[in-house]
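Shown next, in structure tokens, is the structure this report addresses.
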Amino acid sequence: ISGRLLRGQQGKFTQGDKKQVFCSLTVSKKGRIFTGSERGEIYRWKGGDVDSVINAHHGPVFALWVCRDGLCSGGKDGMVKVWSLALKPLVEFDMRTQSTGVDSTKVRSVCWLVRTILVGTIDNELFEIDIEAGAPKLLLQGHRSGQVNGLATHPSKRLFVTGGEDHSVRLWDMDSRRQVGMRMLEDEVCSVSVSLDGNHIACGQRNGKLVILKLR
């Protein structure tokens, strides 16, 4: 930034390296730039030149966060990884074993604060990871995308059901505020209703079909 002007500088790749499609970028307080590529590599830049490159993820690196303690990355492979500023691996977490959503293999955002990492997934889940304890904790959860078209409560238990444009029917616990069950259907769910005995869920779909699910 020069006065009121924002001046850009095109980055230069090392000789023989192909130009990349970058999916993420983060900048340290000292101005060091890190970028995540579509091929799963993390690039460290010095000025406008590539300073270092590592193979970090299988597939696109969707999220990067840098702080004084190091670098945190998240990718399509469902992994969250912590690196030193020299790009040496420190610790990693497999979010595929934690997600209860539709697609458990895609991390879309990360934020590293001291000993805690916040992780956002493509399924609208928010996890908190204690780096020392190594145990991800689910904080928030919702439908993957689009509108929630249907909602119905259980006649006798503190449960409710939702259905939405993401083709999913989800069962929620009111007390824990957590999803306790999910079923994917072939089309958008427009309406849901729970039977009077609480044993079945009726789901109306946009394609005109009515699906009856057994509630266990």
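So the values come out like this:
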{"item": "Sole residue being assigned by TED's automatic domain parsing to the domain that holds Leu113, more than 22 Å from Leu126 (Cβ to Cβ), in contact with a Gly (Cβ under 8 Å, 6 or more places away or on another chain) and not small (Gly, Ala, Ser), chosen from Val50, Val61, Val91, Val82", "result": "Val50"}
{"item": "Given (1) part of a loop (DSSP other than H, G, I, E, B); (2) in the same structural domain as Leu64 (by TED's automatic domain parsing); (3) hydrophobic (A, V, I, L, M, F, W, C), index of the condition Leu196 fails", "result": "(2)"}
{"item": "Condition check for Glu125: on the phi < 0 side of the Ramachandran plot, surrounded by 14 or more Cβ atoms within 10 Å (Cβ to Cβ) and not small (Gly, Ala, Ser)", "result": "yes"}
{"item": "Enumeration of residues in region 20-31 that are on the phi < 0 side of the Ramachandran plot, part of a loop (DSSP other than H, G, I, E, B) and surrounded by fewer than 16 Cβ atoms within 10 Å (Cβ to Cβ)", "result": "Val21, Ser28, Lys29, Lys30"}
{"item": "Qualifying residue in region 158-174 (condition: at positive phi and out of contact with any Ser or Thr (no Cβ under 7 Å at 6 or more places or on another chain))", "result": "yes"}
{"item": "Where Val119 falls short, out of the listed (1) out of contact with any helix residue (DSSP H, G or I) (no Cβ under 7 Å at 6 or more places or on another chain); (2) assigned to a strand (DSSP E or B)", "result": "(1)"}
{"item": "Among (1) on the phi > 0 side of the Ramachandran plot; (2) in contact with a strand residue (DSSP E or B) (Cβ under 8 Å, 6 or more places away or on another chain); (3) not aliphatic (A, V, I, L, M), the one test that Gly47 misses", "result": "(2)"}
{"item": "Every residue from region 136-162 that is in a loop (DSSP other than H, G, I, E, B) and not charged (D, E, K, R)", "result": "Gln141, Gly142, His143, Ser145, Gly146, Gln147, His154, Pro155, Ser156"}
{"item": "Unmet criterion (only one of (1) within 30 Å of Val91 (Cβ to Cβ); (2) touching a Pro at 6+ places or on another chain (Cβ under 7 Å)) for Val114", "result": "(2)"}
{"item": "Residue within region 26-43 that is over 25 Å from Glu132 (Cα atoms) and touching a Pro at 6+ places or on another chain (Cβ under 6 Å) present", "result": "yes"}
{"item": "Looking only at region 163-186, and only at residues there that are loosely packed, with under 14 Cβ neighbours inside 10 Å and either among the small types (Gly, Ala, Ser) or under 19 Å from Ile212 (Cβ atoms) (or both), the one that is nearest to the chain's Cα centre (by Cα)", "result": "Met184"}
{"item": "Of the criteria (1) of a type outside the set (Val, Ile, Thr); (2) more than 17 Å from Arg44 (Cβ to Cβ); (3) in contact (Cβ under 8 Å) with a residue 12 or more places away in the chain; (4) assigned to a loop (DSSP other than H, G, I, E, B), which one Ala133 fails", "result": "(3)"}
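Yes or no, residue by residue, for (1) out of contact with any Cys (no Cβ under 9 Å at 6 or more places or on another chain); (2) among the aliphatic types (A, V, I, L, M); (3) closer than 27 Å to Cys67 by Cβ:
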position: Lys81; (1), (2), (3): no, no, yes
position: Val107; (1), (2), (3): yes, yes, yes
position: Ile122; (1), (2), (3): yes, yes, yes
position: Ala133; (1), (2), (3): yes, yes, yes
position: Leu139; (1), (2), (3): yes, yes, yes
position: His143; (1), (2), (3): yes, no, no
position: His154; (1), (2), (3): yes, no, no
position: Val161; (1), (2), (3): no, yes, no
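The values are calculated or read from the model by the stated rules, or taken from the named source; none is laboratory data. Keep in mind that this is a model prediction, so the values were computed, not measured. Please note: Cβ atoms are built from the backbone with ideal geometry, for glycine as well, and neighbour counts cover all protein chains shown.
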